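Visitor: Here's a structure for you.
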Amino acid sequence: MASNDGVRYGEAVKDNMEAVVMTAPETLEIKQVPVPEPLLGEVLVKVESTMICGTDIEIIKGTHVPRWPPQFPAILGHEWAGRIVGMGPHTEGFGLEMGDHVAGTSHAGCGACRMCHIGRYNLCYNYGNTITGHRQYGHTSQGSYAEYVTNNIRALHKMPKEMPFDLGSAVDPAACGLWTAKRAGINAGDTVIVLGSGPIGVFAYESARALGAGRVIVVGGGRRLEIIAEQGTETVSYREGNVVETIKEMTGGLLGNVVLETAGQKASFQWAIDCAGKGSRVALTGIPEEIPDIAWKRVVLEEMDIFGVRANPNCGDEVIRLIQGGQIRIEPYITHRFPLKQYQEAHDIFVARQDGALLMSLSPGK
């Protein structure tokens, strides 16, 4: 690819690349498409590893059309890591250089609205307006199911070069788990109940540990829950029933100081309040299709705080340091690895939760 005005390349870049292209709901094809060119404030990254997210599965089903994606064809994927191989105009002086290893997160706010100014760019007032510079990668703009992706430097996090790329590609979901835990204001010694044993539940658990929780109990099911139990925490299988009574018994009737809901199911929303104790903080990440009747009287009289959670603002660099320091573990949860060209097989295994499928690392161009 030839260099254009203000764009520099650190190595030879092909004109076309392999990508998983969504042409309609439930329709995915491996295609050769043009390599994107970095614009103002953007870099071109060679994707070395990308992960499958549960949101991707819902987008593929067509659940979020036309919000995500706003048009077809589309390239999804927003959990990834790779190498900077091209730099667009006005990317100097920000601490990123050609060849750096970086992890991506999905949100790049416009940078000018009130929400962006106060660091809540995940709530950017100009969401979806690409003219303002807003991007949500893999949702409203090209994602990482490809050999290359362009990314605004505001949504990149520099990795230590010794950190494996498949660990780096878990920075986005791990940051979601960290933001969930931070929103709930975990204090040292808290008893934390995590509802859900999927990827965000895993990282909510890991983050609760990292932030000093005294005790973490994860509610989930199947092989995914077994994998979490193998890391040394207490678990409760919802498949055995009586989740709330079990939590009461385990906590001597005190329930949780903090509840982190990550499953997005009607039952888990009910448990989020029923498993919360007096003066507790409850963080909700999921959005169930049907909202249950909530015990609002308890919420008021027991002074519970309830927090909505969206994505992972300002958590990427923190997560990288926590991974590097061993406070957040990634490797035990990578259950499958595939070349990107086998995306459909990986997708089907993830949806079926075969062998407890949690994190699935995909390698483009291999």
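The values are calculated or read from the model by the stated rules, or taken from the named source; none is laboratory data. Because the structure is a prediction, the values reported are computed rather than measured. Counting neighbours? That spans all protein chains shown, and the Cβs are built from the backbone with ideal geometry, glycine included.
Visitor: Taking Asp348 as the residue in question, decide whether it is charged (D, E, K, R) and without any contact (Cβ under 8 Å) to a residue 40 or more places away in the chain. Spell out how you get there, then give the answer.
Guide: Numbers: charged (D, E, K, R): yes; without any contact (Cβ under 8 Å) to a residue 40 or more places away in the chain: yes.
For Asp348, the condition - charged (D, E, K, R) and without any contact (Cβ under 8 Å) to a residue 40 or more places away in the chain - is met.
Visitor: Right, next: Under 7 Å between Cβ atoms, which residue pairs at least 6 apart in sequence (or on different chains) link something in region 206-229 that is acidic (Asp, Glu) with a partner that is not in a helix (DSSP H, G or I)?
Guide: As it stands, the answer is Glu206/Ile328; Glu206/Arg329, since those pairs meet every condition given.
Visitor: Something else: Based on this model, can you work out whether Gly286 counts as surrounded by 14 or more Cβ atoms within 10 Å (Cβ to Cβ), under 26 Å from Asn242 (Cα atoms), modelled with pLDDT under 95 and under 22 Å from the mean Cα position of the chain (by Cα)?
Guide: On the way: surrounded by 14 or more Cβ atoms within 10 Å (Cβ to Cβ): yes; under 26 Å from Asn242 (Cα atoms): yes; modelled with pLDDT under 95: yes; under 22 Å from the mean Cα position of the chain (by Cα): yes.
Here the answer is yes, as Gly286 does meet what is asked.
Visitor: Kindly evaluate Arg224 against the criterion of being modelled with pLDDT of 95 or more, part of a helix (DSSP H, G or I), in contact with a Leu (Cβ under 7 Å, 6 or more places away or on another chain) and not hydroxyl-bearing (Ser, Thr, Tyr). First the steps, then the outcome.
Guide: Working: modelled with pLDDT of 95 or more: yes; part of a helix (DSSP H, G or I): yes; in contact with a Leu (Cβ under 7 Å, 6 or more places away or on another chain): yes; not hydroxyl-bearing (Ser, Thr, Tyr): yes.
In short, yes.
The rows are residues; the columns are (1) of a type outside the set (Phe, Trp, Tyr); (2) modelled with pLDDT under 95.
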| position | (1), (2) |
| --- | --- |
| Ser3 | yes, yes |
| Leu28 | yes, no |
| Lys31 | yes, no |
| Pro34 | yes, no |
| Ile59 | yes, no |
| Trp68 | no, no |
| Met87 | yes, no |
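Visitor: Hey, could you check region 60-85 for residues that are hydrophobic (A, V, I, L, M, F, W, C) and touching a Lys or Arg at 6+ places or on another chain (Cβ under 9 Å) and say which is nearest to Ala12 (Cα to Cα)? Spell out the reasoning first.
Guide: Filtering region 60-85 for residues hydrophobic (A, V, I, L, M, F, W, C) gives 60, 65, 68, 72, 74-76, 80-81, 84-85.
From what is left, the residues that are touching a Lys or Arg at 6+ places or on another chain (Cβ under 9 Å) are 84-85.
Details: Ile84: 12, Val85: 8 Å.
Looking at the filtered set, the residue picked out is Val85.
Visitor: Could you look through region 289-321, keep only residues that are free of Cβ contacts under 8 Å to residues at least 24 places away in the same chain and in the same structural domain as Gly253 (by TED's automatic domain parsing), and pick out the one that is surrounded by the most Cβ atoms within 10 Å (Cβ to Cβ)?
Guide: Quick first cut of region 289-321, residues free of Cβ contacts under 8 Å to residues at least 24 places away in the same chain only: 289, 293, 295-297, 300-301, 321.
After this cut, where a residue has to be in the same structural domain as Gly253 (by TED's automatic domain parsing) as well, the list is 289, 293, 295-297, 300-301.
Values: Glu289: 8, Asp293: 8, Ala295: 15, Trp296: 10, Lys297: 8, Val300: 9, Leu301: 10.
Only one residue tops the list, namely Ala295.
Visitor: Which is touching a residue at least 60 places away in the same chain (Cβ under 8 Å), more than 17 Å from the chain's Cα centre (by Cα) and either in a helix (DSSP H, G or I) or in the same structural domain as Gly185 (by TED's automatic domain parsing) (or both), of Lys341, Lys278? Steps first, answer last, please.
Guide: Values: Lys278 fails: touching a residue at least 60 places away in the same chain (Cβ under 8 Å).
Criteria check complete, one pass: Lys341.
Visitor: Got at least one residue in region 43-65 being assigned by TED's automatic domain parsing to the domain that holds Phe338, over 18 Å from the mean Cα position of the chain (by Cα), in a strand (DSSP E or B) and surrounded by fewer than 22 Cβ atoms within 10 Å (Cβ to Cβ)?
Guide: Within region 43-65, one or more residues are assigned by TED's automatic domain parsing to the domain that holds Phe338, over 18 Å from the mean Cα position of the chain (by Cα), in a strand (DSSP E or B) and surrounded by fewer than 22 Cβ atoms within 10 Å (Cβ to Cβ).
Condition check ((1) over 26 Å from Ala346 (Cα atoms); (2) not aromatic (Phe, Trp, Tyr)) across all residues:
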{"site": "Gly62", "(1), (2)": "no, yes"}
{"site": "Val65", "(1), (2)": "no, yes"}
{"site": "Trp80", "(1), (2)": "no, no"}
{"site": "His101", "(1), (2)": "no, yes"}
{"site": "Cys113", "(1), (2)": "yes, yes"}
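Visitor: Name the single residue that is surrounded by the fewest Cβ atoms within 10 Å (Cβ to Cβ) among those in region 257-275 being within 20 Å of Glu303 (Cβ to Cβ) and either charged (D, E, K, R) or not assigned by TED's automatic domain parsing to the domain that holds Ile200 (or both). Don't jump to the end; show me each part of the working.
Guide: Keep residues of region 257-275 that are within 20 Å of Glu303 (Cβ to Cβ), which gives 257-261, 269-275.
Those still in the list that are either charged (D, E, K, R) or not assigned by TED's automatic domain parsing to the domain that holds Ile200 (or both) too: 261, 274.
Working: Glu261: 32, Asp274: 19.
The selected residue is Asp274.
Visitor: Can you confirm whether Val244 is surrounded by 23 or more Cβ atoms within 10 Å (Cβ to Cβ) and either assigned to a helix (DSSP H, G or I) or modelled with pLDDT of 95 or more (or both)? Even if it seems obvious, please write down each step before you answer.
Guide: Working: surrounded by 23 or more Cβ atoms within 10 Å (Cβ to Cβ): no; either assigned to a helix (DSSP H, G or I) or modelled with pLDDT of 95 or more (or both): yes.
Answer is no for this residue.
Visitor: Turning to a different aspect of this structure: Does region 166-177 contain at least one residue that is surrounded by fewer than 24 Cβ atoms within 10 Å (Cβ to Cβ) and part of a strand (DSSP E or B)?
Guide: no
Visitor: Right, another one. With (1) surrounded by 15 or more Cβ atoms within 10 Å (Cβ to Cβ); (2) in a loop (DSSP other than H, G, I, E, B); (3) of a type in the set (A, V, I, L, M, F, W, C) as the list, and Phe94 as the residue in question, which single condition is left unmet?
Guide: So the condition that Phe94 fails would be (1).
Visitor: Name the single residue that is farthest from the chain's Cα centre (by Cα) among those in region 1-35 being surrounded by 19 or more Cβ atoms within 10 Å (Cβ to Cβ) and either free of Cβ contacts under 8 Å to residues at least 40 places away in the same chain or in a loop (DSSP other than H, G, I, E, B) (or both).
Guide: Residue satisfying both the conditions and the ranking: Val7.
Visitor: Right, something else. Give the residue that is surrounded by the fewest Cβ atoms within 10 Å (Cβ to Cβ), with candidates limited to residues of region 178-212 that are among the polar types (S, T, N, Q) and over 17 Å from Gln265 (Cα atoms).
Guide: Within region 178-212, the subset among the polar types (S, T, N, Q) is 180, 187, 191, 197, 207.
If we keep only those that are over 17 Å from Gln265 (Cα atoms) as well, we get 187, 191, 207.
Working: Asn187: 14, Thr191: 22, Ser207: 30.
Taking the candidates together, the pick is Asn187.
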